[in-house]
Each structure stands twice: as C-alpha cells, then as structure tokens.
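Participant: This is the structure, below, for whatever I ask next.
The values are calculated or read from the model by the stated rules, or taken from the named source; none is laboratory data. Note that the coordinates shown come from a computational prediction; the quantities given were computed from them, not determined experimentally. Note that we place each Cβ from the backbone using ideal geometry, even for glycine, and neighbour counts take in every protein chain shown. Note: accessible area is taken over every heavy atom of the protein model, side chains too, but ligands, DNA and RNA are not part of it. Shrake-Rupley method; radii C 1.70, N 1.55, O 1.52, S 1.80 Å.
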Amino acid sequence: MIEIDSYTIYHSPNAYIGITLLNRALCGIPVVVKRRPIYIPKERGIMVADLLGSKETPVQGSYHREDCIRWAEKFGIELHLITRDLFQERAKRWVASSLNREELPARVYYAAVGSGKESLLDQAFFRAAWVDEMDVNEEEVVKHCISSSGLDCEYILNRAFTIEITQMLNHSIDLFIKAACPGVPTWVIEGERFWGKDRVDWLVEKVRSILPE
C-alpha cells in the first residue's frame, strides 16, 4: 500500500485548504495518508517559520491571507480568517501556556489513532479553527472537538499525556525536520516532498504514477 506522510498544524489556513483538497482528490484511490500533526517547541518560537529558522514578513502574511481567500472561494471551502489583532492576543496566551503551541491538539490526535474516529477528530480541529474561529490550543475547544467526534473525552485527554503519545509526538517532529520539510502542509512520499496547497495535484500525479497496474 502506498503511504504518504502528512505534516500540518491545525491553525494554518494553508494546511486546512490543502488537507481538504487532498481528501477530495484521493477519494477512492488506494493510499494510506499518515497524518502527522506537529507542534512548535517554545525554544523555537510560536510560528512554523520560527521552527524552520526563518521569518514571515507582514507583507508576506497579508499576501498569504488574500491567497487563502482566493483558494477557498475557488474550491468552495468554507473559511473564516481571524484578524491579526486576535491572532496576537492568542499568541500571548500560547507563550504563557505550559504547553507548546499546537501541542494539545496534536497530542489528542495521536491519542485517538486506532479508534477509527481520528479522521473525524482531525476534521473537527480544522473546522473549529477555520470555520468556527476557535483557538484549538484551548482545552475547552479541544474537549468540544473530541466529544463531537464521538470519542470519550476523559479517556482521550488522559491518554494524550502518556509516554507513548509523547514519543509519537516527538517522533513526528523528528521526521518533519529529518525530511527537511519547508513548511506546512508538506506531504512526503517515497522521500519526495510536496509543499503547499498548490502542490496537491502534483502529489496526486505522483501517487497515480506508482500505483500498481
């Protein structure tokens, strides 16, 4: 079976759009997408760019907002972008939190793996962030997503902080860095990287090229 490693954070509109488009494009194709949500270690900052040792300028940020709106409209994806002021307010809470940014939802996702409902949870996190304008780093939002996915909230939250899940979480970060992923969303298949929502078609072409006859 063909396997794709899929790296994202939930509070990325590019990741949300890219994952939505890929789910549509791969429907009916025999492939396993291994979702690997990551977090941003505090010592590296709070942005994916910080994790990778770079910075996003205000001009680049404003362009990316415009671009995401165009993509969402073109492909009929519901998207509600938050204001920069609200993002800054949230960023202050992330810095003050005992957890890393995106750590809680990522832990909870890995805790749900094997339940058969992890895909529903994955979608619930993206919907909370980009349709309902919630902060998926907040415990109450995470609880809502767990429950709405039909999972046992207490069990999942307890499991999310076990050694097993910590190892899974750190393993995904290590793989992300080892694969030299340039950002999110990045998909890796047979060592080849596909970065960004505008590379979904290319990724699907790659999948089709290696499907058995």
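Participant: For residue 94, tell me the accessible area in Å² from a 1.4 Å probe, rounded to the nearest 10.
Facilitator: Number for this one is 10 Å².
Participant: Starting from the amide H of residue 34, placed 1.01 Å from N in the peptide plane, find each other amide H under 5 Å away whose residue is 5 or more places distant or on another chain.
Facilitator: Correct list: 4, 5, 6.
Participant: Quick one: pull the percent of accessible area on segment 1-51 belonging to carbon and sulfur, 1.4 Å probe, ligands and nucleic acids left out. Don't skip to the answer; put the middle values down first.
Facilitator: On the way: 1030 of 1910 Å².
Solvent-exposed carbon and sulfur of segment 1-51 make up 54 percent of the total.
Participant: Can you sort 192, 43 by solvent-accessible area, 1.4 Å probe, largest first? Write down the numbers at each step before the final one.
Facilitator: Details: 192 75, 43 150 Å².
If we order 192, 43 from most to least accessible, we get 43, 192.
Participant: Then there is this: When ranked by the protection proxy of mean other Cβ atoms within 10 Å per residue, highest first, what sequence do the peptides 20-28, 7-15, 33-41 form? Could the numbers behind the result be given before it?
Facilitator: On the way: 20-28: 15.3, 7-15: 24.6, 33-41: 20.1.
My ranking of the peptides, most packed first, is 7-15, 33-41, 20-28.
Participant: Suppose we keep just the alpha-carbon trace of segment 1-113; what are its Rg and Dmax in angstrom?
Facilitator: Final numbers for Rg and Dmax: 15.5, 45 Å.
Participant: Another question about this same structure. Calculated from DSSP H runs of 4 or more alone, at -39500 (n - 2.57) each and per residue, what is the 222 nm mean residue ellipticity of the chain, nearest 500? Write down the numbers at each step before the final one.
Facilitator: Values: 10 runs with 115 residues, N = 213.
Result for the chain, helices only: -16500 deg cm²/dmol.
Participant: Using a Förster radius of 45 Å, what is the FRET efficiency between residue 158 and residue 213 based on their Cβ-Cβ separation? Nearest 0.05, please.
Facilitator: Details: r = 47 Å, r/R0 = 1.04.
With R0 = 45 Å, the Cβ-Cβ based efficiency is 0.45.
Participant: For segment 137-213, list log₁₀ I(q)/I(0) at each q in 0.12 Å⁻¹, using the Debye formula over Cα point scatterers of equal strength and ignoring solvent, two decimals each.
Facilitator: -0.57
Participant: How much FRET efficiency would the formula 1/(1 + (r/R0)^6) give for residue 205 and residue 34, where r is the Cβ-Cβ distance and R0 is 30 Å, rounded to 0.05? List each step's numbers first, then the result.
Facilitator: Working: r = 20 Å, r/R0 = 0.66.
The formula returns an efficiency of 0.95 here.
Participant: Further question: For the ranges 181-187, 44-50, what's the packing order if you count other beta-carbon atoms within 10 Å of each residue, average per peptide, and put the highest first?
Facilitator: Per-residue Cβ counts within 10 Å, averaged per peptide and sorted highest first, yield 181-187, 44-50.
Participant: Any idea of the accessible area per residue across the chain, 1.4 Å probe, to the nearest Å²? If you can, show how the numbers build up before the last one.
Facilitator: Details: 11030 Å² over 213 residues.
On a per-residue basis, the chain sits at 52 Å².
Participant: Roughly what would the spin-label model give for residue 140 and residue 75, points 7 Å off Cα along C-beta, in nm?
Facilitator: Distance between label points: 3.2 nm.
Participant: Where the centre of each part is set by its Cα atoms, how far does segment 32-86 sit from segment 140-213, in angstrom?
Facilitator: 16 Å
Participant: Sticking with this structure for a sec: Write down the percent of antiparallel bridges among all DSSP beta bridges whose residues are both part of the chain, to the nearest 5. Please list the in-between numbers first.
Facilitator: Details: 8 of 15 bridges.
About 55 percent, rounded to the nearest 5.
Participant: Of the options 75, 95, 111, report the single residue whose Cα projects farthest towards the positive end of the charge dipole of segment 67-115 (beta-carbon charges: Lys, Arg +1; Asp, Glu -1).
Facilitator: Projecting each Cα onto the dipole axis, the largest value belongs to 95.
Participant: So what's the Cα pair-distance distribution over segment 96-171, bin width 5 Å, in %?
Facilitator: Distribution as computed: 3, 18, 31, 27, 17, 5, 1 percent.
Participant: Related question: Can you figure out the FRET efficiency of residue 190 with residue 119, using R₀ = 22 Å and their beta-carbon distance, to the nearest 0.05?
Facilitator: The formula returns an efficiency of 0.45 here.
Participant: Now a separate question. Work out, step by step, the length gained on full extension between residue 131 and residue 62: first 0.36 nm times the residue separation, then minus their alpha carbon distance; give nm to one decimal. Provide the component values of the computation, followed by the final result.
Facilitator: Details: separation 69, 0.36 × 69 = 24.84 nm, distance 1.94 nm.
Full-extension gain reported as 22.9 nm.
Participant: Report, to the nearest whole %, how much of the accessible area of segment 114-210 belongs to carbon and sulfur atoms, 1.4 Å probe, protein only. The partial results should precede the final answer.
Facilitator: Details: 2480 of 5050 Å².
Looking at segment 114-210 in its full context, I get 49 percent from C and S.
Participant: Which peptide among 106-117, 75-86, 149-160 comes first, and what is the full order, when sorted by highest mean count of other Cβ atoms within 10 Å? Could the numbers behind the result be given before it?
Facilitator: Numbers: 106-117: 20.7, 75-86: 12.5, 149-160: 16.6.
For the peptides 106-117, 75-86, 149-160, the packing ranking is 106-117, 149-160, 75-86.
Participant: A follow-up question, please. Return the sequence-ordered ³J(HN,Hα) values of segment 74-90 in whole Hz as given by the Karplus equation 6.51 cos²θ - 1.76 cosθ + 1.60 applied to θ = phi - 60°, using x for Gly and Pro.
Facilitator: 4, 9, x, 9, 5, 8, 10, 7, 7, 6, 4, 4, 5, 4, 5, 4, 5
Participant: Now, a different point. Over all alpha-carbon pairs of the chain, lay out the pair-distance distribution in 10 Å bins, whole %, shortest bin first.
Facilitator: Result, from short to long distances: 8, 35, 40, 16, 2, 0 percent.
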